[in-house]
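Remarks on the structure that follows.
The values are calculated or read from the model by the stated rules, or taken from the named source; none is laboratory data. These numbers were taken from a predicted model, which means no experiment stands behind them. Neighbour counts run over all protein chains shown; Cβ positions are idealised from the backbone, glycine included.
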Amino acid sequence: MTRLEHLLTIFAEECNEVAQRATKALRFGLHEIQSGQGFTNGDRIWCEFYDLLGIMEMLKNEPGGLAKPPYTQEEGIAGKRNSVELYLKYSAKLGTVDGHQSPAGLPKDDDGAKP
């Protein structure tokens, strides 16, 4: 295994650790503190996210690693937020999400079309 492959393996593990913390928060709540731990599930999501960012930095700086992203962080975040809101509305129309309202400042999609 090369160093790059090793870093990619750690990246995959960190992605799974973020997901695992999110599922714990779904099951037990963001504010629950697991026995023997000093942080809430919400805090631990942040910790795992920072671990993920750390390995992303390493991959970015590794020879042959990640290239420069195709858009800025702000553009990526805005695009994801818009996409999530669009699909939340669609899910609400299908009856699979309760009480959804888009936050202020995000585009409205009231034409009833599927995303």
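A few points about this structure:
- Residue within the range 29-39 that is at pLDDT 95 or above, under 19 Å from the mean Cα position of the chain (by Cα) and of a type in the set (A, V, I, L, M) present: yes
- The set of residues in the range 6-37 that are loosely packed, with under 15 Cβ neighbours inside 10 Å and closer than 12 Å to I55 by Cα comprises H6, T9, A12, E13, C15.
- Selection from the range 1-52 of residues that are assigned to a loop (DSSP other than H, G, I, E, B) and either among the basic types (K, R) or within 28 Å of A67 (Cβ to Cβ) (or both): M1, T2
- Among residues of the range 57-70, those that are at pLDDT 95 or above and farther than 17 Å from L7 by Cβ, counted: 0
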